[in-house]
Structures are given as structure tokens and as C-alpha cells.
Amino acid sequence: MHSSHLLLEEPIRMVSILEPSKASFFPAMTKIVGTLGPKSRSVEVISACLKAGMSVARFDFSWGDPEYHQETLENLKTAIKSTKKLCAVMLDTVGAEMQVVNKSEKSISLQADAQVVLTPDLGQEASSQILPINYDGLAKSMKKGDTIFVGQYLFTGSETTSVWLEVSEVTGQDVVCTIKNSATLAGSLFTLHASQVHIDLPTLTDKDKEVISTWGVKNKIDFLSLSYTRHAEDVRQAREFLSKLGDLRQTHIFAKIENVEGLTHFDEILQEADGIILSRGNLGIDLPPEKVFFFQKSALYKCNMAGKPAVLTRVVDSMTDNLRPTRAEATDVANAVLDGSDAILLGAETLRGLYPVETISTVGRICAEAEKVFNQDLYFKKTLKYVGEPMSHLESIASSAVRAAIKVKASVIICFTSSGRAARLIAKYRPTMPVLSVVIPRLKTNQLKWSFSGAFEDQLPTHLWESLFTVNARQSLIVRCLFPILADPRHPAESTSASNESILKVALDHGKTAGVIKSHDRVVVCQKVGDSSVVKIIELED
């Protein structure tokens, strides 16, 4: 797809290396998803991660028990209250993941050119001669010469804690392999990946269903990351499962594309899912290296045109152990932004990495720099051409709001919304300024006395904090450009009364406090008045 990448048609403005970075409430328009774990689960570290720019916390259930993750989540809630920074919750399923089980947790040394047997017999002890796996159908899928990769959580394929295997022969349910590189496996679980081979495991396992229906329901998760999505039917089945769980009906499903099978059915999957996560760790092993960039650009382009969030993983692997990324990684982050990513997902870097806060901060700074040279004009034209005519009513309003904001050099776009759909459509056109999404919550009671300032100044009682900040607002925390604000629940979004003006004043005051709106700035406002949608430009006085 030749049109899938965005070109910089103008020379990049050179910035002095001594130019101070402008501290802002919005460190970058591109969002950062952080995986919380051993190195990032204390209130102190989570608070620092939120201040550094993390807006979505990911809980990966391929390791750790629900009690462990619950403790971490409680710490997250405490950090949200103390920092007054909003954060959404993502549950990441195990899915069709093959794992080597090492019950003794002793390190396993594997020598190049030696042989090792993969067996579904979990009664066996893991050693340098035998590796027990959690899947009894591997032998049926493998043949001599096939490649298998075994590594730690979120492997890169280059470190000495990962091993490449080549299938020598298949004996019954066992797969005999030749070790291609010397490595030491450490820990209780290792991921096993067979290149370009169909694995007959369910996308939503019984374990996943149990976790979602207990931990997920209890915590009203905002996003479900559906690991190893291979077909549109996987998403449909997950949606059907969530629909029976009451509070999770509104949970957004992000299809995690991890292999060639998922890429092959990408278009149908995108149609069904609420968003896409390109899991480049597995994809980088499944695809020839020279093909990786093309599939990334093509997939991001399709997500952008569909107006669905696209999340990219595995950008700064080296920061798991180092304070600075490599030059290639820094460029990779910038290219992800230029290609149209909504968010960057950090896995091992924040989960077990030595520098979780610094990683988030570094990625945010790179994103912010790349956003300065993002060719919005070219992107806007491509999006309009893709949408075509006649446009839908909402699409027309959204594109007009962005065009107007850019023409008048507005500081921000303010959008009133209850479902979040209008705000996401505006964000689809990638405005160069933040979109303040004023979300009208739907409360089950009208017995509450609530002030506007409560949304940002934490004057709400603890037990009301979560119920007021709705799912729709939190779900915008993964969309590029979108920043939610909660409006007074007593004032409907389409109100024609003076209440709308008071809500607008709160949004403007919030923008001033955040440092994105100044005196004499222009602001574009998108709102419903009766049955009509209106885009208006206001100029602020002193």
C-alpha cells in the first residue's frame, strides 16, 4: 500500500539541543500505556509514572495471580487520587500462548548444536535436555526444518536469555529440536513461539474467561487486550462474552495482532475491534525482518482511516536495562508517531525494567518532538479522500472543527460529548492541538451534590471518584490528541440553557490551568444545540 505512510514534504525545523523542553500538562499528544509489575507497582513509582505521562495501565495476566494484580491496582487508585492524573485500566489476556513450564525455577543452560525435546508431559522436570510445554498439539503442527523460539517475557530475539530451535524430528507428541544458539533460560515461565504455524488453541481460554468475569468485572476494566487475535470471529466471541457481564458491556476490545495469521485477516479484525495493538515482539519473529516496516505502516494507515486507535509495542527494549534508548529505538518511536500511532505500549521496560519512570518520560519527549513535524496537512487530505462524499453528519462536523482550528491557529478544540464518539472523530483528523473532550457522565442517582472543580481538584468523596469518571472518558485516554474533562452530570450535553456556557467556562479554566490556553487565544468549540451540531470559534479576553 504505497499511500500508507506519511511523508514530510517540508524540511524539518532544526531545534537547538540547548532549547529547554516546555513543561506542559500534556507531555505529548501520543499516549503511553505502561505495564505494571514488580518494578512498577508501588504507589510511589506508579505516581511518578502518571506524572511522566502514562495514561493507561496494563495488567498482563500471562503471569501473576489476580490477588497480586489487585494489590497493584489498589496502589494505582491511590496514585491517581494523590497525583490527580487520570488513568484507564487494560486487562491483557493470555490467549493462545504456548509456554515452557519450569516448576523448579532453576536456570536452564542450552548449548548450541545440542538437542532438546519439547514435550506436553508437564510431569517432567525442565532441564537442558527436556522442556515441558502447556500445549499437547505442537507435534501435529510441526515438521522437520520449522523454527521455534523460546524466550523470556517480551523477548527481542537477540539476548542470551532467548533461544532459537530448529525441528529435527517429531516423535509422538514430542518435538525434538536442534539448539541454534547458546542461551540461559531463567524464571518459571518462558514464551514459546512457532513461526508461521497455526496453533489450535482458543483465543479466549477458560483461564481468561475466569479472570475477566471475576477480576475484570470487579474492577470495571476499560480495555480488554485480546492476545493472539487471528480472526474477526475471535473478537465477536469476546464481545458476546463481555455482553453477558453487565458492567463490561462498554469495555473496548483491542485486538492484539501477534502473527501472520492475524495480519492475513487484519481488515475483518479491524472492522470488529474497537482498536488494534500491533505486538511487534511476536510479529518480528513471524515476519521476515525486511517485511516488518511495511506491515506496520500499512496496519497503522488502515487504523487511522477507520478512526480506531492503533497501539504499537516494543519500541525501547534496551531501556529495560539502560537509562537511554539506542539511536535506532529513538528513531523507531518517532517513526511510530509519524506513521500515525495513537499510543506506545511499554511492556518489559516498565514491568521489570530498571527505569520505568525514565522510560515513560523519554518516550513522551520523543513523541512530542515527532508531533511537531507530523505532516497534518497531508494526513488531513488523505483522510478526507478516504472518507469520500457524501460525508456523514458527524464526520463533516468533526473535519470542519479540525480545519477551522488549524486555519485560525486555535490553542485547543473543546468537544462536548456523552458517548465519546464525536471527540474520537475529531481526533481521527489528527489536529495539531489538544482536543479537550468534555464528557457528560450518566449517573444512576440525582441525589449528588457535585462541583465542577471536583473533576480536577479531587474534592469528591473517595467512593464517588470512580463512579463519576465514566468509562467513556477513560477510554479516550488511549486516543491521540484526546484529553477528557468531566462536566457537571446535571447538565446534558445538548442543553440550550446557560448551563452549557458554565460547562464551557470550566473547560476553558481547565485549559488555562493546564497551560494550553492563554489570554487572546482562539478556541474552537464543537457542541450540540437542540438537534443540530455547531462548530464555533471564540477569542478569549484577558
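The values are calculated or read from the model by the stated rules, or taken from the named source; none is laboratory data. These numbers come from a predicted model, not from an experiment. Every residue, glycine among them, receives a Cβ derived from its backbone with ideal geometry; neighbour counts consider all protein chains shown. To get the accessible areas, we keep the full protein, side chains included, count just its heavy atoms, and leave off ligands, DNA and RNA. Shrake-Rupley method; radii C 1.70, N 1.55, O 1.52, S 1.80 Å.
Observations
- Rounded to 0.05, the FRET efficiency of the LEU354 and GLU389 pair, given R0 = 51 Å and the Cβ-Cβ distance, is 0.45.
- Stretchable slack from ASP113 to VAL43, in nm (0.36 nm times residue separation minus alpha-carbon distance): 20.5 nm
- Heavy-atom surface of the range 94-250, accessible at 1.4 Å and reported per residue (Å²): 46
- Seen from ALA514, the other residues with C-beta closer than 12 Å to its C-beta sum to a net charge of +3, counting Lys and Arg as +1 and Asp and Glu as -1.
- Theoretical FRET efficiency, 1/(1+(r/R0)^6), r = Cβ-Cβ of THR264 and GLU541, R0 51 Å, to 0.05: 0.35
- Segment GLU233..THR171, full-extension length gain: 19.0 nm, with 0.36 nm per residue of separation and the alpha-carbon distance subtracted.
- In range of the label at ASP121: residues from the range 159-201 whose backbone nitrogen is under 18 Å from the point 7 Å along Cα→Cβ: 169-177
- With the simple spin-label model, which puts each label point 7 Å out from Cα in the Cβ direction, the SER82 to LYS409 separation comes to 4.2 nm.
- Spin-label model distance (nm) - ASN134 vs GLU74, 7 Å beyond Cα toward Cβ: 2.6
- Rounded to the nearest 10 Å², the accessible area of THR93 at probe 1.4 Å: 0
- For the pair THR184 and LYS220, label points projected 7 Å from Cα toward Cβ lie 4.8 nm apart.
- Amide H within-cut-off set for VAL438, under 5 Å, with H built and near neighbours excluded: CYS415, PHE416, THR417, ILE485
- Taken one residue at a time, the phi angles of the range 399-413 give Karplus couplings (6.51, -1.76, 1.60, θ = phi - 60°) of 5, 5, 4, 5, 4, 4, 4, 6, 5, 8, 6, 5, 6, 8, 10 Hz. Gly and Pro are set to x.
- LEU131 long-range amide H proximity, modeled H, under 5 Å: VAL117, LEU118, THR119
- Selection from PRO325, GLY347, VAL435, by position along the positive dipole direction of the range 320-448 (Cβ): VAL435
- Built amide H within the under 5 Å cut-off of THR35, gap 5+: ARG58, LEU346, THR350, LEU351
- Area of CYS49 that stays accessible when all protein chains are in place (1.4 Å probe, Å², to 10): 0
- ASP121 contributes about 70 Å² of solvent-accessible surface, heavy atoms of the protein only, 1.4 Å probe.
- Too-long pairs where the Cα-Cα distance tops 24 Å, listed order kept, from LYS256/LYS308; LYS84/LYS220; LYS84/LYS302; LYS31/LYS85; LYS244/LYS528: LYS84/LYS302; LYS244/LYS528
- Stretching the chain fully between LYS103 and ARG324 yields a gain of 76.1 nm (0.36 nm per residue, less the alpha carbon separation).
- Two-site FRET efficiency, VAL292 against LYS144, from Cβ-Cβ distance with R₀ of 30 Å, rounded to 0.05: 0.65
- When LEU354, LEU118 are compared by accessible area at a 1.4 angstrom probe, the order from most to least is LEU354, LEU118.
- Rg and Dmax, both from the Cα atoms of the range 80-138 and both in Å, are 18.6, 55.
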